[in-house]
Amino acid sequence: YDDAIVQIKNTLEMDPTSTIARHLLGCCLLWKGDTAGAIAEFQRSKIVVTGAWYQGLVGYAYAISGDRPKAEQMLRELEEMAKRQYVNSSAFAAIYLGLGEKEKALDWLDKAYGNQESACWLLKVDPIYDSVRKEPRFQAILKKIGLE
């Protein structure tokens, strides 16, 4: 992640308004364990980046940083959003994974598979799913998708 962070920071020097660069920087920081830095970058990118997956990722970051109240607030925001528009099930799964609620997360991932969400293609490689990677239910989802 270190090399990616250097490149992303170079990009931000050229274009400080690059939302995708801020988002990717947040992801790299998150996977390196710098949750505070990740949350700060996600908040900076929120100006343009909105939607369910964004909420799920930020909620996950809050959860793994130990800020359960903020993670639960992100869940409530997703629930409210779901009353008005389609919300990816994988966004709920991400927050539940961060909170350590694996069964709820797997329930949402089953729904994501049932809804044919594009995020399912990332299940095998996205670090967000590391905590359930060896779970039989997770393996079964991968098999249904054709990733196992």
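Laboratory data are not the source of any read-out in this text; all were calculated from the coordinates shown. Given the structure is predicted, the values throughout are model-derived calculations rather than measurements. Here the Cβ positions follow ideal geometry from the backbone for every residue, glycine too, while neighbour counts run over all protein chains shown.
Reported value for the stretch 1-49: 53 Å³ per residue, from the convex hull of its C-alpha atoms. 3J(HN,Hα) couplings calculated from phi for the stretch 87-92 with the Karplus curve 6.51 cos²θ - 1.76 cosθ + 1.60 (θ = phi - 60°) are, in sequence order, 10, 4, 4, 5, 5, 5 Hz; Gly and Pro show x.
Residue-wise HN-Hα couplings along the stretch 130-142, as the Karplus relation 6.51 cos²θ - 1.76 cosθ + 1.60 with θ = phi - 60° gives them from phi, are 4, 5, 10, 3, 8, 5, x, 5, 5, 4, 5, 5, 4 Hz; Gly and Pro carry x.
Given their separation in residues at 0.36 nm each and the Cα-Cα distance between them, T19 and D3 gain 3.8 nm when the chain is fully extended. Counting neighbouring Cβ atoms within 10 Å and putting the fewest first, the residues E79, E117 line up as E79, E117. By the Kirkwood approach, averaging reciprocal distances over each pair of separate Cα atoms, the stretch 52-148 gets a hydrodynamic radius of 13.1 Å. Projecting label points 7 angstrom from Cα along Cα→Cβ for R133 and E72 puts them 3.1 nm apart. The phi-based Karplus calculation (6.51 cos²θ - 1.76 cosθ + 1.60; θ = phi - 60°) puts the 3J(HN,Hα) values of the stretch 65-75 at 7, x, 8, 4, x, 5, 5, 5, 4, 5, 4 Hz, whole numbers, x for Gly and Pro. Put a dot 7 Å past the Cα of A140, heading toward its Cβ, do the same for N115, and the two dots end up 2.1 nm apart. As a rough footprinting exposure proxy, the listed residues T17, T11, T35 were ranked by other beta carbons within 10 Å of their own, and the order from fewest upward is T17, T11, T35. Put a dot 7 Å past the Cα of D126, heading toward its Cβ, do the same for E80, and the two dots end up 2.3 nm apart. For the stretch 1-118, the share of alpha carbon pairs falling in successive 10 Å distance bins from zero is 15, 42, 32, 11, 0 percent.
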